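The values are calculated or read from the model by the stated rules, or taken from the named source; none is laboratory data. All values reported here derive from a predicted model rather than from experimental measurement. In this analysis, Cβ positions are derived from the backbone assuming ideal geometry, glycine residues included, and neighbour counts consider all displayed protein chains.
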Amino acid sequence: MSGGTVAIIDDNEEVLDSLGLVLEMYGFAVTPYAVSGSFLDDFAARPSCLIVDQNMPGMKGLELVARLRQQGNLIPVLVTTGLPSSDIAEDAARLGIERVITKPAKVDDLLNFVSKYC
């Protein structure tokens with residue numbers, strides 16, 4: 001662990017709380033966001049990596065990542081989704097996202113990503 005902060009964006013408060021709790025139990029600093037707009041407004045916080053839900057009202061996870069990429073931001077991203085599809089995986093790959101995981105996220109998947117990038 002490099003000591004960075006993990007930003008988690010998910011509109012489901014239970015998921016947001018549980019992901020944050022798991023990562024904090026393993027010693028990671030976590031900043032939760034219930035909507036993409038709040039994350040963008042607070043991006044000056046400069047997290048080391050991002051875990052984002054794909055299927056949120058308003059701005060979808062991949063839309064958020066596309067905005068970041070357009071700004072030249074190459075933050076490492078893990079996308080979670082309850083509705084996996086080849087389209088999501090292909091769009092994620094085009095945005096430089098290595099991995100899309102299906103909800104509920106497995107602790108090992110989260111820890112592998114966060115340990116590598118944060």
Subject >> Per-region count, the stretch 13-39, residues assigned to a loop (DSSP other than H, G, I, E, B) and either buried (at least 16 other Cβ atoms within 10 Å of the Cβ) or of a type in the set (A, V, I, L, M) (or both) >> reply: 3
Subject >> Inter-residue pairs, beta-carbon under 9 Å, first in contact (Cβ under 8 Å) with a residue 24 or more places away in the chain and in the stretch 3-15, second part of a loop (DSSP other than H, G, I, E, B) and polar (S, T, N, Q), 6+ apart >> reply: 3/48; 4/48; 5/48; 6/48; 7/48; 11/55
Original post:
What are the residue pairs meeting all of these: first residue in the stretch 64-85, first residue free of Cβ contacts under 8 Å to residues at least 60 places away in the same chain, second residue crowded, with 19+ Cβ neighbours inside 10 Å and assigned to a loop (DSSP other than H, G, I, E, B), Cβ atoms under 6 Å, and 6 or more apart or on different chains?
Top reply: 77/97; 79/54; 79/97; 81/54
**OP:** Take residue 8 and decide whether it is assigned to a strand (DSSP E or B), in contact with a Pro (Cβ under 6 Å, 6 or more places away or on another chain) and at pLDDT 95 or above.
**Re:** yes
